[in-house]
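All remarks here apply to the structure that follows.
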Amino acid sequence: MRRAHWGDFEGLNLAGLVRLSFELGRDDPSANVRRLPLTGKDIKGREEQEKDCRAYVESRRGTYIHTYMEPDTSAWKRKRVQLPDGSYAYRVVRPIFEGALEDLKRGTTPNGDRLDGLIVYDIDRLTRDNRHLEDAIEVVEHFGRPIMDITGTLDLLTDNGRTVARIVVATNNKQSADTARRVRRKHRALELAGIPTGGRRPFGWHADKRTLNPAEAEVIRETAQRILQGAPLSAIVNDWNDRGILTPLGNKWTNQTVKTVFRNPRICGYRSRNVREINPQTGTESFRVEIVRDDAGEPVIGQFEAILSVDEWDAVTAVIGNHAIAGRGKNTRTYLLTGTLRCGKDDCGCKLRALKAHASRVKDPNRFYYTCEAKNKGGCGGGVSIPGQETDAWVTAAVIRKYEMEAQRREAQTTPEPWPQEGELAEVREDLRELSAARKERRISANRYFAMLPELEQQERELLADRERWLAKTATAGTSLATIRDDWDGYPLAQKRAYIEEALAAVIVHPSNGRRGFHPERIELVWREA
């Protein structure tokens, strides 16, 4: 320790700790400038830090034996972590840094070499968090292994040096907090101005995030109408992928990514933002997209072109939010009724599978039949079977008739009953506007404003969610069912299957009792309850 304090490293094995918050280079044309370091342009890259640390150690006759690399690591930003007792706290998460301190305590590097101390470029590269600084001081004081920088700012070997280090780290911590606050203010100003931000272009717009991509925008409009007509989400996903439509990252679509496109308020011209939410029971993080609102509580109109109208977007999100039913219509099956047909034998009830008819026995190469599974798969060994094409046609006709009757029933209804809590939502939004006005006019303090704001915002979110559920229940998108007979042949298989599975809980096929051919009385339809 004394020789290290004097700058004599002869006989000492020292390792370097090099850290950079972000790894994108300023000369990289693909770099996202929002992720460039916020702490000054003089910060050296990790390679330069390592080179300087090595040269510093060797110039003082020490041996540089290892480098602890911390890429994309913030020494200030806190994250939610679970403590050993199961509770949660916010900590700066730096596993490499913490591992380096543990190695110092043991006196060995990860590859087993003797470790006598740690070198950093400057105190800012070591830490900006007082808790981590105290951990470093503990290693120096109680384990006798020095931690030094090459600029002379960091001195944990003396009482005065440790006091100065605490002051410098506290100052750097405040600098990071000030920078974060300025960034938040800037983003709030951009939000209120409706200016689009973010590194990735949204689907439907060009890279400037303002002008529409005509082809993608037309796909969104066309698909919105299909959603309102009852098309299942899985059919849309399959259709987009079959047509070679890719996400902005060049990937294939999934149910979730398609939902993300249509749930984003920017699709109807509203400025939106991502909000992080934490489940208090599990501690898991999730993100939701919400509309940016001005001080009066009104939606902010974005500085970009809209694809759908607000009413169209409200209708689509009502359907996507509550009408998507997991497991219906989402499959790779190639036959209409597989998974829906069941064996009608009293002691069976197994699902029927589709089999191609033997080519030598039939003239039609597309001929197939549905039959019960083999006994080793839980069936009755093919004891119940029925011609496939005729069964598909008969069940399809019954389902279409069912939907047409539903369309007629809806047309006969009077004007739908309005959402009963519309007045309550208006009152909450008025309270939000009054609260914001009171704060702007200095009639209430900032503490009181921020204490009252979360409760009102939570009430608004709950009411909006309830309204979405109500709209989903009373949505008139099903009026398009009146044309289902004419549209049926144009539906993809996944959409036909979804309509059938939405209407029917099961289709029971009873034994033929020796009769050949197709007999509709063998089929029993089990309708889902409305």
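Observations on the structure shown:
- With θ taken as phi - 60° and the Karplus curve 6.51 cos²θ - 1.76 cosθ + 1.60 applied, the whole-hertz 3J(HN,Hα) list for the stretch 370-379 is 9, 9, 6, 5, 5, 4, 6, 10, x, x Hz, x standing for glycine and proline.
- Solvent-accessible area per residue in the chain equals 55 Å², computed with a 1.4 angstrom probe and all protein chains kept.
- Extension reserve of the V275-R166 stretch, reckoned as 0.36 nm per residue once the Cα distance is removed: 35.8 nm
- Shown here are the Rg and Dmax of the Cα trace of the stretch 79-128, at 13.9, 37 Å.
- Residues whose amide H falls under 5 Å from that of Y88, counting only those 5 or more places apart or on a different chain, are L83, with hydrogens built in the peptide plane.
- At R0 = 25 Å, FRET efficiency that the Cβ-Cβ distance of A207 and A426 yields, to 0.05: 0.05
- Full-stretch length increase - A465, R448 - with 0.36 nm per residue and alpha-carbon distance subtracted: 3.4 nm
- Our estimate of slack between I291 and E222, defined as 0.36 nm per intervening residue step minus the Cα-Cα distance, is 22.5 nm.
- Of the three principal axes defined by the Cα atoms of the chain, the extents in descending order read 103, 66, 46 Å.
- Per-residue HN-Hα couplings for the stretch 120-129 [Karplus 6.51, -1.76, 1.60; θ = phi - 60°; Hz; x = Gly/Pro]: 10, 5, 7, 4, 5, 6, 6, 6, 10, 10
- Amide H partners (placed H, <5 Å) of R342, local residues excluded: L352, V507, I508, V509
- Dipole of the stretch 54-127 computed with +1 at Lys/Arg Cβ and -1 at Asp/Glu Cβ about the Cα centre; of Y64, A89, L115, farthest Cα towards the positive end is A89.
- Taking the accessible area of the chain, probe 1.4 Å, and keeping the other protein chains in place, the carbon and sulfur fraction comes to 49%.
- Cα gyration tensor category, rounded, prolate or oblate, for the stretch 150-247 with a/c compared to 1.5: prolate
- Theoretical ellipticity at 222 nm over the chain - DSSP helices of four or more residues, -39500 (n - 2.57) apiece, nearest 500: -13500 deg cm²/dmol
- Among 373-384, 55-66, 442-453, 263-274, sorting by the average number of other beta carbon atoms lying within 10 angstrom of each residue, highest first, gives 263-274, 55-66, 373-384, 442-453.
- The HN-Hα couplings worked out from phi for the stretch 95-101 by the Karplus form 6.51 cos²θ - 1.76 cosθ + 1.60 (θ = phi - 60°) are x, 5, 4, 5, x, 5, 5 Hz, whole numbers, x standing for Gly and Pro.
The values are calculated or read from the model by the stated rules, or taken from the named source; none is laboratory data. This one's a predicted model, so the numbers in the text were calculated from it and none came from an experiment. FYI the Cβ positions are ideal-geometry reconstructions off the backbone, even for glycines, and counts take in every protein chain you see. Surface accessibility is based on the protein's heavy atoms, side chains included, excluding ligands, DNA and RNA. Shrake-Rupley method; radii C 1.70, N 1.55, O 1.52, S 1.80 Å.
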